[in-house]
1. Within the range 100-137, how many residues are acidic (D, E) and within 18 Å of the chain's Cα centre (by Cα)?
2. Is one or more of the residues making up the range 216-230 surrounded by 24 or more Cβ atoms within 10 Å (Cβ to Cβ), assigned to a helix (DSSP H, G or I), among the aliphatic types (A, V, I, L, M) and more than 9 Å from the chain's Cα centre (by Cα)?
3. Answer with yes or no whether D335 is closer than 30 Å to A449 by Cα and acidic (D, E).
4. Give me the pairs: first residue in the range 219-231 and in contact (Cβ under 8 Å) with a residue 12 or more places away in the chain, second residue polar (S, T, N, Q) and crowded, with 24+ Cβ neighbours inside 10 Å, beta-carbon distance under 7 Å, and six or more apart or on different chains, which are they?
5. Looking at the range 398-419, can you tell me whether even one residue there is of a type outside the set (G, A, S), over 30 Å from S195 (Cβ atoms) and either surrounded by fewer than 18 Cβ atoms within 10 Å (Cβ to Cβ) or at pLDDT 95 or above (or both)?
6. How do the pairs read when you match residues in the range 7-20 that are farther than 20 Å from T39 by Cβ with residues anywhere that are polar (S, T, N, Q), using Cβ under 7 Å and keeping only pairs 6 or more apart or on different chains?
7. I'm trying to understand the selection: among the residues of the range 444-460, which are part of a helix (DSSP H, G or I) and either under 19 Å from A171 (Cα atoms) or free of Cβ contacts under 8 Å to residues at least 12 places away in the same chain (or both)?
8. Answer yes or no as to whether D388 is out of contact with any His (no Cβ under 8 Å at 6 or more places or on another chain), in contact (Cβ under 8 Å) with a residue 24 or more places away in the chain, surrounded by fewer than 15 Cβ atoms within 10 Å (Cβ to Cβ) and closer than 30 Å to L438 by Cα.
Amino acid sequence: MSLELDLETAGVAAVTSAMASGATTSIGLVEAYLDRIATLNPLVNAIRCLAPDAVERAAALDAERSEGLVRGPLHGVPVLVKDNIDVAGLPTTAGSLALEHSVPDRDAEVVVRLREAGAVVLGKTNLTEMANCMAEDMPSGYSALGGQVLNPYDVRYDPSGSSSGSGAAAALGLATVAIGTETDGSILSPASNQSLVGLKPTLGLVPGRGILPIASSQDCAGPMCRTVADAAALLGVLAGETYGESSGRETLRGVRLALPPEPGDLHEQEVEVFHAALDVLRERGAVLVEVPALPETDEFPVLIHEFTRDLDAYLVSLPAGAPVRSMRELVAWNDAHADRALKFGQVLLEQALAVDHEAEHAAYVVRRARDLAVAGEHGIDATLAIADAAVIVFPGPHGCGFAARAGYPSLVVPAGYRREGRRPVGLTFVGPSRSEGLLLAIGAAYEEAARVRRPPSEVNPSLFPGVAGSPATA
């Protein structure tokens, strides 16, 4: 039995409804997505590798459903994960040639939770090499192993990093939902640039075990989806909580939203989109309160201090036969294969390796405490308090750095497109610690009121004529 589903736009509710009604199966979905990947992925290079057992796992989940066992809202739903997240039996490479054959023997904790919820891990997505902590001039979405990810809304546009492949895959509908990771902006920025909903959760809400790290003080995994409802469903599985139940037409009425000054480098057409989004919020009853710019700090010394420490801890935990066991070995391997591995160099890896952790420990502790205090207590918390506001609103992915340093959640939703070139523009909401439910409710209310998101086949039809816009049989 089959059902016509437009996989470019179909979300969790649509595919689960189809499976529940018997109109399709998890096997049917997996095979339809695999066909779509075969057709569309060559256009954007979003996929790093596919899971050879995806159809087998889908069959087992279909059998469970037929026996009356449904594990949850993701039962039988295909998911793609970024290639710095361990999936047992698949290489975790972070886009590095040195790690091409680095195969973990157990799943990351987020993958464990996905499997327990009945999701089917379809494969892994490309990313900016080493999650964009490799070289200063490396293009977003580029890695020596995976090549260059392209933005399906226009291949000239930055797909943004480092979760560029998860973004392109989610935008094109190469899986129902996707997972990215963020240290600072690597979920929000590619989501904004590829017209997606992206959520960076509160630090520690989603477990980080089994994710190749940059810095444990800021690294997070989170949803990259086409709708807020899908992000809520996916976050619920990753965090073990329930989200998305409290939003409605009146959600925004009377809600106070803090509005900092617009960034000076914001493109004039992005200003237009942002102002239109603010008008939608006002029309739904939100109260916008102008506030001063939030204070900034430079997080780089903290991240580079933690990088070697955290990466070494990850690499040494890999099973016997792992190709490299330390940052030092990784840098040496790259140097020995520079013609293939170092098109843009590895200056950030070298800087991390040069850190004297003992001599610089006290300075690191002070800098980390400063980042937390300035971004959290004296930044987001103080801004919300002085404005008596629920969340802070920013254009595009701006504001992601404050949330990243504070360890607070941030959510970006599609806000529209530039008039010329139709480049996607997002709208970011930043809230206090553990405010994911509030952010999702506000984001859903805005999404329902604005209804601005358009799939790539509508915005950029010349990239894939006669392919992306047609329904796929599942």
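1. Residues of the range 100-137 that are acidic (D, E), as a first pass: 100, 105, 107, 109, 116, 129, 136-137.
Filter once more, keeping what is within 18 Å of the chain's Cα centre (by Cα): 109, 129.
Selection size over the range 100-137: 2.
2. The answer is yes; a qualifying residue exists.
3. Values: closer than 30 Å to A449 by Cα: no; acidic (D, E): yes.
No.
4. D219/T181; D219/T183; C220/T181; A221/T181; M224/S163; M224/S166
5. Of the residues in the range 398-419, the ones of a type outside the set (G, A, S) are 398, 400, 402, 405, 408-409, 411-414, 417-419.
Checking which are over 30 Å from S195 (Cβ atoms) leaves us with none.
Checked against the condition, which is being of a type outside the set (G, A, S), over 30 Å from S195 (Cβ atoms) and either surrounded by fewer than 18 Cβ atoms within 10 Å (Cβ to Cβ) or at pLDDT 95 or above (or both), the range 398-419 yields no hits at all.
6. Final answer for the pair search is G11/T176; G11/T227; V12/T176; A18/T24; M19/T25; M19/S26.
7. Filtering the range 444-460 for residues part of a helix (DSSP H, G or I) gives 444-450, 456-459.
Result: A444, E447, E448, A450, P456, S457, E458, V459.
8. Values: out of contact with any His (no Cβ under 8 Å at 6 or more places or on another chain): yes; in contact (Cβ under 8 Å) with a residue 24 or more places away in the chain: yes; surrounded by fewer than 15 Cβ atoms within 10 Å (Cβ to Cβ): yes; closer than 30 Å to L438 by Cα: yes.
So D388 passes the test.
The values are calculated or read from the model by the stated rules, or taken from the named source; none is laboratory data. Nothing here was measured: the structure is a model prediction, and the numbers come from that model. Please note: Cβ atoms are built from the backbone with ideal geometry, for glycine as well, and neighbour counts cover all protein chains shown.
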